[in-house]
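Notes follow once the structure below has been shown.
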Amino acid sequence: MVSVSHVVKKLLDNKVFIQEGLSRGIISYGALARQLKSEVEQELGKEVKTHAIVMALKRYAEEVKRVNGELYFDERTDITLKTHICEISVSRSSTLPETIKKLYEIVDFEAGDFLDITEGKHEVSILTNERYADKMIKLLKNEKITNVENNLVLLTLTCPKEFQHKPGIIFNVTRSIAWENINIYKIASTNREITLILDKKDAIKGYKAMEKLISNNGKNKPKV
């Protein structure tokens, strides 16, 4: 039998900002219950008391807090910020793979420089240090360049190896960024790294959001 709690969960599961507000304790249960009342009643096909919705919201908020608490970060989590990054977007072609091989010859990886190639169905994204942009564009002169985006930064979280098996990690990272009204230009991940590509103007705000996420979740780390 469908209950008020089931309906409340259904209505809020895709509303990230409301979940965040409930977990932070900054949303009035009464006000939210009154707002949801008509939808809950429509789903159940009967009249529902506001108090019942408030109780369901409180249970839902506790569940959100519990799930977030299990996704703790600790002292093994590092945050790095790499600036002066650009993206070159190129249409896929039969000649592009050979050209891409030449791009790797330009980048000084030993100096810590960066090159990431992501292939989509119709387009290829090339992320690298801005200082290589002109040389790469020259090499790509016979390809169809669809966009060049400058003033990007890489915000990377390096996590313990076991984090790759924990559901919800990337969701919690992106939610923390979205809560600060920061646009994520692109996201990439490996077994131990989550990298957000942001606009340069959001670099410091994004870094602080990640510091806050690690600090808040670290408080929930179980003691051994």
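The values are calculated or read from the model by the stated rules, or taken from the named source; none is laboratory data. Nothing here was measured: the structure is a model prediction, and the numbers come from that model. Cβ coordinates were reconstructed from backbone atoms using ideal geometry, including for glycine residues, and neighbour counts include every protein chain displayed.
Things worth noting here:
- Against the criterion of being farther than 24 Å from G206 by Cα and either part of a helix (DSSP H, G or I) or modelled with pLDDT of 95 or more (or both), I126 does not qualify.
- Within segment 5-46, considering residues that are closer than 30 Å to I182 by Cβ and outside any helix (DSSP H, G or I), the one farthest from the chain's Cα centre (by Cα): S28
- Candidate set: segment 115-136, residues that are in contact with a Ser or Thr (Cβ under 6 Å, 6 or more places away or on another chain) and within 13 Å of I85 (Cα to Cα); chosen: the one surrounded by the fewest Cβ atoms within 10 Å (Cβ to Cβ): L115
- Output for segment 129-159, where each listed residue is in a loop (DSSP other than H, G, I, E, B) and under 26 Å from the mean Cα position of the chain (by Cα): C159
- Residue match in segment 53-75 (condition: of a type in the set (D, E, K, R), assigned to a strand (DSSP E or B) and at pLDDT below 95): no
- Any hit, segment 85-92, residues being β-branched (V, I, T), over 20 Å from the mean Cα position of the chain (by Cα) and closer than 30 Å to V153 by Cβ: yes
- Pairing each residue of segment 82-102 that is surrounded by fewer than 17 Cβ atoms within 10 Å (Cβ to Cβ) with any residue that is assigned to a helix (DSSP H, G or I) and among the hydrophobic types (A, V, I, L, M, F, W, C), provided the two are 6+ apart or on different chains, yields C-beta distances under 6 Å for K102/L139.
- In segment 128-139, the residues that are touching a residue at least 24 places away in the same chain (Cβ under 8 Å) and over 13 Å from G112 (Cα atoms) reach residues that are assigned to a strand (DSSP E or B) and hydroxyl-bearing (S, T, Y) with C-beta atoms within less than 7 angstrom, at least six apart or across chains, in these pairs: M136/T128.
- Residue within segment 130-137 that is assigned by TED's automatic domain parsing to the domain that holds Y104, at pLDDT 90 or above, in contact with an Asp or Glu (Cβ under 8 Å, 6 or more places away or on another chain) and aromatic (F, W, Y) present: yes
- Extreme residue, modelled with the highest pLDDT, among residues of segment 174-195 that are closer than 23 Å to G21 by Cα and either of a type in the set (D, E, K, R) or in a strand (DSSP E or B) (or both): I184
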